[in-house]
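The values are calculated or read from the model by the stated rules, or taken from the named source; none is laboratory data. Everything numeric here is computed off the predicted structure, so don't read it as measured data. Cβ placement follows ideal geometry from the backbone for every residue including glycine, while neighbour counts extend to all protein chains displayed. Protein only, heavy atoms only, side chains kept; ligands, DNA and RNA dropped before computing areas. Shrake-Rupley method; radii C 1.70, N 1.55, O 1.52, S 1.80 Å.
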Amino acid sequence: MEKKFTALICDDSAVVRKVLCRHLSDGPFKEVHEATDGVQAVEMYRLHRPDIVFMDIVMPRKTGIEALCEIREHDPAARVVMASSTGTTRNLKAAIDAGAADFIQKPFERDAVLALVRRILEGEWE
Amino acid sequence: MFSRLFGQFLLQEGVVSASALSSAMGRLGEVRPLIGMLALAQGFMTPAQVVEVSAAQKKVDRRFGELAIERGYLTVQQLESIISAQKSEHVLLGQILVQDGILSHEGFLRVLDSYRRQSGLTDEGFEAVKANDVDAVVRSVLSGRRGPGRALAVEWGVVFMKSLVRFVDPGVAIDPLAEADYKGLRGFVQRISGDQRLTAFMAADDDVLTDVATRSSGLDEETARELGPDAAGEFLNLANGLFTVNCSDEGIELDMMPQETAPSMGSSGIGEPDALLPFLLPRGILWAGCRIERR
C-alpha cells in the first residue's frame, strides 16, 4: 500500500494556499495543514510534525526564514521547501544557510510541485 | 496588441469614450477590412481620395479598388499588396470609429501619426509593436518616462506588464497618465524596501480584479470571488516578487514586506506614484503604479 504523508503549507495568501493544496491533492498526502504566518508555522510544525513543509518567505509576524530556523532548531531533520515569488540571490542564500531542503518559485505549476515532492520524499514515496 | 495600445491612446487623448472604445474593441472580430482604410493606413491614398472613391462607389455597382485604380489613386501592385497584407486590427479599430462617426478619415491619420510621435517609439519600435513583440512594446513605451527613480519605476512597469501579458491578457495596453481618481475602486499596495523604498499598487473594479485573480492563479472564478481581495492582491505580490528577482539579478537587493490592502488610496498617506499605468484588459481598465523613494 502506498505510504501517505503529511504536508504543511505556510503562506499568508489564501490563494497560494488553495492553489498549492490542489496540487498536493494529486500527490501522496493524507493530510495538508495550513498556517497563515511565521508564528503559526512554527506552532503547526510542532503540533503535526509534517513530512514536508512549504514555506513562504514574506509573511507577517515572523518571516519564513525565521520560522525555518526555529523549526530546524526544534527538528534538525525537518524538510522545509522555501516557496516564494522572491527568489533573490540573498533570499536563496539565507534559506540554504538556514537548512532549507529546496526552493520553489511562484507561481506554482502542478508538475513542478509534484516533482519536487517526489525528490524531497525520495525513497519514501514509491 | 497594437490595437489595444492605439485604443488606449485614443482614450487618453479624449478621442473616444471608454464605452465607445470597449464597444469598438468588442466588434473587431466581426468587421471586414475595407480597402479604403487599408490604403489610407499604408499611405497609398489621401483621406480626400478615399472619401471621393467611397462616394462614387455608392452611385455605381463597382469595387473600391477598381474605381481607385481608374482614377490613378492606386496601382494594381498596391491593391494586390493591400489585399494580401495581414489584417491590421488598429486599422479595423479606426474603420469602426470612422463608420460610427467618431473619427473622420483625416482624424484617423492624424491621431495615428500623433500616437507614433507621442509614444516615443522609434520607427523600428513602431514596427515591433505592430508585430506584437511584447518586450519591444514594453520597453519602447516605458523608456520615455521621466522623474526620480525612473530606472526602477520603468523596470517595475516592465515586470508588471510582462506579468499581465503572461498571466492575464496577451493584448494589453499601457500609456502614461499623471493623475487619476481612484474613488470607488478597490486597490492594493505593497511596499518594497532596500536601497530604495518602492510602493506599488493597483486598482480596478471588482470584475477586473476577479479576472486578474482567476487568470493569474489558475483558480476558477467562483473561488476567486470567494477569496475576495486576497486573490487579486496575490497578483501584485507575484509581480513585485518577479521585480525583486530582476533587481537581484542586477545586483540591487530589495526586501519585500507583506502586502496590505489600501481601502482608500487617496487618503491613506501613500500619495501619488511616480508612474501610473492604465492597463486595458478584457473586462475594463486596471490601474497600477509605484512610487520610488531613495533612502
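Meeting the requirement of 3 or more residues that are more than 30 Å from B:Ile285 (Cα to Cα), in contact with a strand residue (DSSP E or B) (Cβ under 8 Å, 6 or more places away or on another chain) and basic (Lys, Arg), no helices (runs of 4 or more DSSP H) wholly within region B:1-119 can be named. Among the residues of region B:222-233, which ones are facing another protein chain (nearest Cβ under 8 Å) and assigned to a loop (DSSP other than H, G, I, E, B)? Within region B:222-233, none qualify. Of note, B:Gln12 satisfies the criterion of being under 20 Å from B:Tyr115 (Cα atoms) and open to solvent by 10 Å² or more (accessible area, probe 1.4 Å). Can you tell me which residue is nearest to A:Val81 (Cα to Cα) among those in region A:1-17 that are more than 14 Å from every other protein chain (Cβ to nearest Cβ) and open to solvent by 40 Å² or more (accessible area, probe 1.4 Å)? That would be A:Lys4. For region A:18-67, a residue qualifies if it is in a loop (DSSP other than H, G, I, E, B) and either modelled with pLDDT of 95 or more or open to solvent by 30 Å² or more (accessible area, probe 1.4 Å) (or both), and the qualifying residues are A:Ser25, A:Asp26, A:Thr36, A:Arg49, A:Pro50, A:Asp51, A:Pro60, A:Arg61, A:Lys62, A:Thr63. Within region B:211-221, the residues that satisfy the criterion of being within 12 Å of chain A (Cβ to nearest Cβ) and in a helix (DSSP H, G or I) are B:Val212, B:Ala213, B:Thr214, B:Arg215, B:Ser216, B:Ser217.
Restricting region A:100-112 to residues that are in a strand (DSSP E or B) and within 14 Å of chain B (Cβ to nearest Cβ) leaves a set whose member that is modelled with the lowest pLDDT is A:Gln105. State which residue is nearest to the other protein chains (Cβ to nearest Cβ) when the search covers only region A:68-99 and only residues that are part of a loop (DSSP other than H, G, I, E, B) and open to solvent by 10 Å² or more (accessible area, probe 1.4 Å). Taking the candidates together, the pick is A:Gly87.
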